[in-house]
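Peer 1: Mind looking over this structure? Questions follow.
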Amino acid sequence: MDDRRAAEVYDVVMVDREGGPLRRAARWGGTLVAGLLDGGTMAPAVSELVIRREGVELRRITPSDVGELSNLHERILLELETSSPEEFAASWDLAGR
């Protein structure tokens, strides 16, 4: 029986969202405004989550706001530590990638 954890096979990283400089500036501006208005978790996400295997990108997840980004990142990290590679791949639709 294979006792490996998904974290031994996969990893997750936050990367800057794709898009041109104007889009990034607009997202950062929205984040600053939301912070000033105390809407921190409602601020636009300026990062994406990338699930990788051996450094190769398998899936890119683009949350809409900072709260969703944080929640998804925590969920993925927990699943990496608590599931098998096969379970993790099925959960995040990584089969064949």
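Peer 1: If each of Ile61 and Glu8 carries a label point 7 Å out from its Cα toward its Cβ, how far apart are those two points in nm?
Peer 2: 2.3
Peer 1: Here's something else I'd like to know. Provide the FRET efficiency to the nearest 0.05 for the Ser47-Ser91 pair, computing r from the beta carbons and using R0 = 35 Å. Please report the intermediate quantities before stating the final value.
Peer 2: On the way: r = 21 Å, r/R0 = 0.61.
That gives a FRET efficiency of 0.95.
Bear in mind that the values in this text are calculations on the coordinates, not laboratory data. This structure is a prediction, so every number in the text was calculated from the model and none was measured. Every residue, glycine among them, receives a Cβ derived from its backbone with ideal geometry; neighbour counts consider all protein chains shown.
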